[in-house]
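The values are calculated or read from the model by the stated rules, or taken from the named source; none is laboratory data. Quick caveat: nothing in here was measured; it's all calculated off a predicted structure. As a convention, Cβ positions derive from the backbone with ideal geometry for all residues, glycine included, and neighbour counts pool all protein chains shown. The area values use the complete protein model at the heavy-atom level, side chains included, leaving out ligands, DNA and RNA. Shrake-Rupley method; radii C 1.70, N 1.55, O 1.52, S 1.80 Å.
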Amino acid sequence: MYNKSIIMGRLVADPELRKTESGISNCRFSVAIQEDYKNKDGTNKHDNCETLSTEQNDELIHTTAPATLYESSDKDGFYYGYNTVSGNEIWYDRKNSHLPNGLILGSAGSGKTSAAIDEIIQVIDKTNDDIIIFDKEGYFVYSEQVKGNLTSVSPYDRNSEYHINPLDVYITAYDDTNISEKITVTDTVDKTFCLMEGIICRNLTNAEKSVIADKVKELFIPFVKYLIDNRLQYDYEHNPTLSDIAELLLSEKDTELTVNLHEQEVVIKEHFSYKTHMPDDRAVVLSWEDNPHFLNSALYAGCVMYSWNRLLQNREKRKYTWIYLEEMDSLISNKTESTLSLVYELFKRSRPYGGIVTLMMQSLVDLRKSETGNACFVSAGFIRCMSCCCQDRDRISEIFGFGDEILDYLEDSPVESKLMITPDHVIPFDIQQP
């Protein structure tokens, strides 16, 4: 008769092998165990189980545990570099992960864009999936690696051939029991709040939101009814725009809101009066580098809205959509919570619709300063740390329970080894083969 205990979880640090004065060896290791119980923020609770092995097993645990910790070889996925511990290739399939969305973290010049491009090239070569890239500064457009494979679009430039209307309505299916005119219009009201706050650079009051909601309903209730009556999923030509809503609001008596809108009337007409006309290309880069800086939040939000509609359309075609969001740092630093909330909704809801979203950030500490930014981090299942400042390094240690032996792969400058974190693996890696 014997007792047997089975502990299932993830090692949070390398096992620590020691010998007593009498020469008996033992191995101490810590395992993170995820419970079914959820915390108040909706994340699973984790407990760390500290374990001391018997003398018979200690050497085995110490020598074999890092191999489990450091390998990923799913050949159905994409190549992500080589393992700097074992020298083996790293293959990982984000599509089959229950947490496919991810983060690429690293200081300026650490290779975040290159890491994203390496993945994008494989999406283009090995799949028929679509790709949407937010590239305000033009980093992707000018890359020689993807030249000719990406179609660059400036959707807010009046001289551009292509444009987007962030308030486009797209009805996914015509099951009469599920069609809800009210839900569709309510969603458009929320989008309008987000865009308006980005344009006037302040939060709307409840009274202002009520006035705006009335104008949105005045335009969109008849339009949605028209779509439903004619069994149309969309009609970009007749879809109302933000400029149409602003025009109705400006006809009202003078208030702080109308004064703000009068100040930005030209801006709204120049950027938010277009009907959607976009290329059919698989890989599209959205850029708005030549537009006023204060509009960044609203323009970013508009691109998120476009991406969501593209996601809905591709789901019906049974196509995946890979979405890469640059410039997250500026949204965090400017505290644009309404746009960040929109990003989080895309991040949280994309998986059932075939979406795989990647956020690109310089600082994990800054990301977690925002409530919605932190929610994105909690939902991420594929994290690549290209380099980290000391604060980020400490925070990663605190969150994942990593010891110095793992954290030594993260430095405050580009180095040969980086760190990949998934639900099942922790892997020091480099992108280029030695």
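Beyond 29 Å between alpha-carbons counts as too far, so tell me which of 317/418; 75/418; 215/269; 191/269; 95/335 fall in that bin.
In this structure, 317/418; 95/335 exceed 29 Å between Cα atoms.
Per residue, how many Å² of accessible area does region 333-407 show with a 1.4 Å probe?
Per residue, region 333-407 has 40 Å² of solvent-accessible surface.
For region 294-431, what relative contact order do you get, as a whole percent, if you take Cα pairs closer than 8 Å and at least 6 residues apart?
19 percent
When the dipole is taken about the Cα centre of region 236-305, and only Lys, Arg (+1) and Asp, Glu (-1) are charged at their Cβ, what size is it in debye, to the nearest 20?
180 debye
I'd like to check one number: the per residue accessible area of region 114-256, probe 1.4 Å, reported in Å² as a whole number.
Accessible surface, normalised per residue, equals 49 Å².
Quick one: which residues, 5 or more positions from residue 83 or on another chain, have an amide H under 5 Å from its amide H? H modelled 1.01 Å from N in the peptide plane, none for Pro or chain starts.
Here the answer is 88, 89, 90, since their amide H atoms fall under 5 Å of that of residue 83.
Could you provide, to the nearest whole Å², the per residue accessible area of region 277-319 with probe 1.4 Å?
40 Å²
At a 1.4 Å probe, what is the % contribution of carbon and sulfur to the accessible area of region 238-284?
48 percent
Using θ = phi - 60° and the Karplus relation 6.51 cos²θ - 1.76 cosθ + 1.60, list the HN-Hα couplings for region 190-199 in order, rounded to whole Hz, with x at every Gly or Pro.
4, 4, 5, 4, 4, 5, 4, 5, x, 7
In debye to the nearest 20, how big a dipole does region 272-414 give about its Cα centre with +1 on each Lys and Arg Cβ and -1 on each Asp and Glu Cβ?
Computed charge dipole of region 272-414: roughly 1040 debye.
Quick check of the Kirkwood formula: for region 250-377, what is the inverse mean of 1/r over all pairs of different Cα atoms, in Å?
In region 250-377 this quantity evaluates to 16.4 Å.
In what sequence, highest mean first, do 314-320, 111-117, 419-425 appear when ranked by Cβ atoms within 10 angstrom?
Packing order, densest peptide first, comes out as 111-117, 419-425, 314-320.
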